[in-house]
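J.: Okay, here's the structure, questions in a sec.
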Amino acid sequence: MVLGVIALVVSINITDKTEEGASVEQINYSTYENKEAGFAVDYPSSWQFSKGEDNLTYFRKSTSTESIQPTIMVGIFAHNKNLEEASKETEEIGKSIEINKENLEINGFPAIKYTFNVNIQDMPGKVTRVLIKEGDEVYGFDYSNSVEMFDTDLPVVTRMIQSFRNN
């Protein structure tokens, strides 16, 4: 199963301060567990989440007043595929726009991070896609936001990605 979601990835280690000026460690976090999909992540307690189709979970900043809501989508991106097979859709996107790729590791799991710009609601936007291989599953994190607000929430999103664990 491959989900058709267009995404963009940028460098994850930008800053440890959020828009409100609090460090990422000063924010209260809750744990979200998706037992059906077999993962858990920590997310800011002030953010809202909703479960979508195909065991995808969407996290949104509940206090956001921006025209483009910062959104993180988490879920199983592919089943019984390796990272390279699961990333073919993202690689195809890279044929038409500039895309950066970085191999990394998240909590001991092999991962790939992509970066590219897209239009969101006819406005310049950015998306971070991180694919994490664990067992038979490839889990995906897609973070999207407006270009001007993207770096503001990136430290919190980075913390969420780094908190990923299989359960």
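J.: For region 88-100, indicate whether the set of residues that are at pLDDT 90 or above and farther than 13 Å from Phe164 by Cβ is non-empty.
T.: Let us first name the residues in region 88-100 that are at pLDDT 90 or above, namely none.
Within region 88-100 (the criterion being at pLDDT 90 or above and farther than 13 Å from Phe164 by Cβ), the answer is no, since none of the residues qualifies.
J.: Being buried (at least 24 other Cβ atoms within 10 Å of the Cβ) and free of Cβ contacts under 8 Å to residues at least 60 places away in the same chain is the filter here; which residues of region 132-151 pass it?
T.: Ile132
J.: For region 92-114, how many residues meet the condition of being more than 23 Å from His79 (Cα to Cα) and surrounded by 13 or more Cβ atoms within 10 Å (Cβ to Cβ)? Talk me through it step by step, then tell me what you get.
T.: Filtering region 92-114 for residues more than 23 Å from His79 (Cα to Cα) gives 95-100.
Add one more test, that the residue is surrounded by 13 or more Cβ atoms within 10 Å (Cβ to Cβ), and what stays is 99-100.
Count: 2.
J.: Within region 82-91, which residues are crowded, with 18+ Cβ neighbours inside 10 Å and assigned to a loop (DSSP other than H, G, I, E, B)?
T.: The one that is crowded, with 18+ Cβ neighbours inside 10 Å and assigned to a loop (DSSP other than H, G, I, E, B): Ser87.
J.: Which residue out of Gln121, Gln69 is at pLDDT below 85, under 15 Å from the mean Cα position of the chain (by Cα) and surrounded by fewer than 20 Cβ atoms within 10 Å (Cβ to Cβ)?
T.: Just a single option satisfies the conditions, and that option is Gln69.
J.: Follow-up question, since we're still on this one. Considering only region 95-118, state which residues are closer than 21 Å to Asp42 by Cα, of a type outside the set (Phe, Trp, Tyr) and under 16 Å from the mean Cα position of the chain (by Cα). Reasoning before the result, please.
T.: First, the residues of region 95-118 that are closer than 21 Å to Asp42 by Cα: 104-113.
Still in the running and of a type outside the set (Phe, Trp, Tyr): 104-108, 110-113.
Once the filter is applied, which keeps residues that are closer than 21 Å to Asp42 by Cα, of a type outside the set (Phe, Trp, Tyr) and under 16 Å from the mean Cα position of the chain (by Cα), region 95-118 yields Leu104, Glu105, Ile106, Asn107, Pro110, Ala111, Ile112, Lys113.
J.: Inspect region 152-161 for any residue being touching a Gly at 6+ places or on another chain (Cβ under 7 Å), touching a residue at least 60 places away in the same chain (Cβ under 8 Å) and of a type in the set (D, E, K, R) and give the result as yes or no. Give the derivation first.
T.: Kept after step one, since they are touching a Gly at 6+ places or on another chain (Cβ under 7 Å), are these residues of region 152-161: none.
Scanning region 152-161, I find no residue that is touching a Gly at 6+ places or on another chain (Cβ under 7 Å), touching a residue at least 60 places away in the same chain (Cβ under 8 Å) and of a type in the set (D, E, K, R), so the answer is no.
J.: Restricting to region 23-63, what's the tally of residues that are under 17 Å from Tyr143 (Cα atoms), basic (Lys, Arg) and out of contact with any Pro (no Cβ under 8 Å at 6 or more places or on another chain)?
T.: So the count comes out to 1.
J.: Inspect region 51-65 for any residue being closer than 24 Å to Pro110 by Cβ, modelled with pLDDT of 90 or more and over 13 Å from the mean Cα position of the chain (by Cα) and give the result as yes or no.
T.: no
J.: Restricting attention to region 35-65, and to residues there that are in contact (Cβ under 8 Å) with a residue 40 or more places away in the chain and among the acidic types (Asp, Glu), which single residue is surrounded by the fewest Cβ atoms within 10 Å (Cβ to Cβ)?
T.: Only one residue tops the list, namely Asp54.
The values are calculated or read from the model by the stated rules, or taken from the named source; none is laboratory data. Please read all numbers here as calculations on a predicted model, not as lab measurements. We place every Cβ from the backbone using ideal geometry, glycine too, and count neighbours over all the protein chains shown.
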